[in-house]
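Notes follow once the structure below has been shown.
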Amino acid sequence: MARLLETTGLACRYPDGTRAVEGLDLALEEGDLVGLIGPDGAGKTTTFRMLMGLQRPTGGRIRLAADRHALSYVPQVFSLSPDLTVEENLQLQARLYDLKDPAPRIASLLASVDLDRFRDRMSGALSGGMKQKLSLCSALLPAPRLLLLDEPTTGVDPVSRREFWTMLHAIHDEGVAILFSTPYMDEAEYALRLLLMDGGRILAEGTLDGFREEMGGVVAALTMADRKLARSQVAALSPLDLFAEGEVLRARFPDQPMEPLLARLRALPGVAAARESESTLEDYFLHVLSAQEGALHE
Ligand SMILES: Nc1ncnc2c1ncn2[C@@H]1O[C@H](COP(=O)(O)OP(=O)(O)OP(=O)(O)O)[C@@H](O)[C@H]1O
């Protein structure tokens, strides 16, 4: 697969001393559909801004295989004019990209995201989901080979989110490589490859199945009658990982038959119920973070 973009040791330290990105090695290729997953403040936006040439790196380098127009970007915040209609915004962008005869392309892009009915609506009056679709059309106007999307679904309702992912997959099927960021762990399922980012660094790279295999073990999800008691009782069984997710306690144990383990857990004081669970990306994130903390304290 042809390499589209590569960074080595990419870093950004803001003037106030914040190290937003540290030593990022990233390679994106044709056919890629990569999710950059990390909590608020992980350094995702800063990474995108550096890739787009909007933020000057303070270390490392970026190599673009194709020319800059092969790269398009949908920023996190709606950045088209609210005072222009949907169609006018795209006409303006087409002019900025110096596209010849853009009308048929604008029409087909609007139809592909079901926005053609709203072409005369002021962009500022669109819903969050519709604004996202318009931003997507704008980014696709110059027919990019690589599309960068910074948290495209943050603040979008669940139905529109699903619809947005269907559209993105169609775009990917047409041969556009995609790098998206998200703080939502459940959106990992939409990516073919995952990069987990925190504190300006990539903590892990791979697939959800690969992460599950690496972690190994079996996971039990416990409902607690008494949180404190349940936690200390389960901790006494020396699980590999243990953390609370809302009202549920998740515990990962070494590989073993599930039913006897569940029976043992159900019998513990403070535990109301126990069932088998599949490892999630959140489990892996916490697993990696706690392994790092462990390494720091060794
Ligand atoms: N202009 C700036 N000056 C100083 N620090 C900044 C600046 N912009 C971002 N930061 C800090 O850099 C770190 C990374 O921020 P960044 O916006 O890249 O993260 P993010 O993963 O995109 O999170 P979010 O979803 O909150 O935007 C954070 O600690 C943030 O507070």
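The values are calculated or read from the model by the stated rules, or taken from the named source; none is laboratory data. Note that this is a predicted model, so its numbers are computed, not measured. Note: ideal-geometry Cβ built from the backbone for every residue, glycine included; neighbour counts use all protein chains shown. Only protein heavy atoms, including side chains, enter the accessible area calculation; ligands, DNA and RNA are left aside. Shrake-Rupley method; radii C 1.70, N 1.55, O 1.52, S 1.80 Å.
As a fraction of the 1.4 Å probe accessible area of the chain, surface on carbon and sulfur atoms comes out at 51 percent. Average accessible surface for the chain: 49 Å² per residue, computed with a 1.4 Å probe over protein heavy atoms with every protein chain in place. In plain terms, the bigger the Kirkwood radius, the slower the diffusion; for segment 74-169, with that radius from Cα pairs, at 25 °C and 0.890 mPa s, Stokes-Einstein puts D at 184 µm²/s. The accessible area of T8, taken with all protein chains in place and a 1.4 Å probe, comes to roughly 60 Å². Other residues lying with their Cβ under 14 Å from the Cβ of Y190 contribute a combined charge of -4, Lys and Arg counting +1, Asp and Glu -1. Here is how the number arises for the chain: DSSP H runs of 4 or more residues each give -39500 (n - 2.57), the sum is divided by the residue count, and the result at 222 nm is -10500 deg cm²/dmol. Rounded to the nearest 5, the antiparallel percentage of DSSP beta bridges internal to the chain is 65%. Per residue, the convex hull spanned by the alpha carbons of segment 1-111 comes to 153 Å³. In order along segment 78-87, phi translates into HN-Hα couplings of 3, 10, 8, 7, x, 8, 10, 6, 3, 5 Hz, rounded to whole numbers, per the Karplus curve 6.51 cos²θ - 1.76 cosθ + 1.60 with θ = phi - 60° and x for Gly and Pro. The order of L192, L179 by accessible area, most exposed first and with a 1.4 Å probe, is L192, L179. For K131, the accessible surface of its heavy atoms amounts to roughly 50 Å² (probe 1.4 Å, protein chains only, rounded to the nearest 10). 3J(HN,Hα) couplings calculated from phi for segment 201-209 with the Karplus curve 6.51 cos²θ - 1.76 cosθ + 1.60 (θ = phi - 60°) are, in sequence order, 10, 7, 7, 7, 9, x, 10, 4, 4 Hz; Gly and Pro show x.
Sorted from longest to shortest, the spans of the Cα atoms of the chain along the three principal axes equal 71, 43, 39 Å.
The HN-Hα couplings worked out from phi for segment 49-55 by the Karplus form 6.51 cos²θ - 1.76 cosθ + 1.60 (θ = phi - 60°) are 5, 5, 4, 8, x, 8, 10 Hz, whole numbers, x standing for Gly and Pro.
I'd like the distance between the alpha-carbon centres of segment 212-249 and segment 114-135, rounded to an integer number of Å. Using only Cα atoms, the two centres lie 45 Å from each other. Relative to the longest principal axis of the Cα atoms of the chain, helix 281-297 runs at roughly 70 degrees. Beyond 15 Å, what percent of the Cα pairs of segment 66-108 remain? Counting pairs separated by more than 15 Å, the tail of P(r) holds 52 percent.
Build a GNM of the chain with springs between Cα atoms under 10 Å apart, and of L240, L149, L110 the one that fluctuates most is L240.
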